[in-house]
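The values are calculated or read from the model by the stated rules, or taken from the named source; none is laboratory data. Quick caveat, the model's predicted, so the values are computed rather than measured. With ideal geometry, Cβ positions are generated from the backbone for all residues, glycine too; neighbour counts draw on all protein chains shown. SASA here: full protein model, heavy atoms, side chains in, ligands and nucleic acids out. Shrake-Rupley method; radii C 1.70, N 1.55, O 1.52, S 1.80 Å.
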Amino acid sequence: MTSTAPTPVSMTGFARESGTLPDGTSFVWEVRSVNGRGLDLRLRLPNGLDAMESGLREAAGKRLKRGNVSATLTLKREERAPRLTPDPAALDQAIALATSVAQRLGAPPPRAEAILALPGVLRAESAEPDEAAEDAKRAALATAFDAALVGLVASRAREGAQLATILGALLDEIAALREAAAAEAALQPEAQRQRLMENLGKLLGEADARARIPEERLAQEVALLAQRSDVREELDRLSAHVAEARRLLGASDAVGRKLEFLTQEFVREANTLCSKSASVGLTRLGLELKAAIERLREQAANVE
């Protein structure tokens, strides 16, 4: 049995769960998430269901670690005509009054439907609240919410797989730029020596510069310039950061925060490389590195 390597999880996702409650009420849960510093759950519940909030938050905390999550519950109750029942006191009073008036007028007895149509004779029957039914309703909605969370986790995992491809490509680009920068940096000492000789030649004349400045002194100056522009440590740290980023992308836990901190180290090394650059070519590569690292930073902000 082959096992797939873990991939990072995105904080972006969407899920929907719908169904019908035993009383005929249809419901829809919609849960969506975007990137965030921590786990922030915003619930939109119909009136009367506020007591569910604590349990829903606990369920979300078990499934998710980071992200701004919004969950909306929509209920649609089936409209039913109210059941009417006669008010005994009002009915007796209406019958007595209608019968008395009919006798005085010598008219036939009042019809039943006419009496029932009199105001106040019939009233809507109010159902007593069934606490057990309400508990079952809340339990069904909580179960559906958990199913929606499962769907959201799956959606974020799919987004994470795509995100891993993008991050891997950016790390490949950064590694390639780092290698090109290392090759360019290796040429800096000789370029600085030639530049130094050209500047001295302009000041003293080429012949005088070679005659008046000992080769040992010239070598010392070149060595001092090379030391100031030595970027080997920055390049080594960039290699280490790329390796660490690849390791984090293959980890099974939430690595978003660590990856974000690591991109800050990437930026620091690229800035130092540019500040130490003694050639146009190395400066250009440093700027390309900074651009690639910025894209890496933006994508890393979506990792849980």
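For a quick protection proxy, order the peptides 130-142, 238-250 by their average other-Cβ count within 10 Å, most packed first. Could the numbers behind the result be given before it?
On the way: 130-142: 13.5, 238-250: 17.0.
Per-residue mean Cβ counts within 10 Å order the peptides as 238-250, 130-142.
Given the convex hull over the Cα atoms of the range 25-149, what projected area results after averaging over all orientations, in nm²? Kindly include the intermediate steps, with their values, before the conclusion.
Details: hull surface 41.8 nm².
The number I arrive at for the range 25-149 is 10.5 nm².
Quick one: net charge around residue 72, please, counting Lys, Arg +1 and Asp, Glu -1 for every other residue with C-beta under 12 Å from its C-beta.
Working: positive: 16, 32, 42, 44; negative: 17, 30.
Spelling it out: positives minus negatives among the neighbours equals +2.
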* What net charge is computed for the residues neighbouring residue 240, neighbours being all others with C-beta under 12 Å from the C-beta of residue 240, Lys and Arg scored +1, Asp and Glu -1? -> -2
* Asked: Where the centroid of each part is defined by its Cα atoms, how far is the range 267-304 from the range 150-181 in Å?
  -> 17 Å
* Please work out how much length the chain gains when fully extended from residue 99 to residue 240, using 0.36 nm per residue of separation minus the C-alpha to C-alpha distance, in nm with one decimal. => 40.6 nm
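Of all accessible surface on the range 1-71 at a 1.4 Å probe, what whole percent is carbon and sulfur?
Its accessible area is 47 percent carbon and sulfur atoms.
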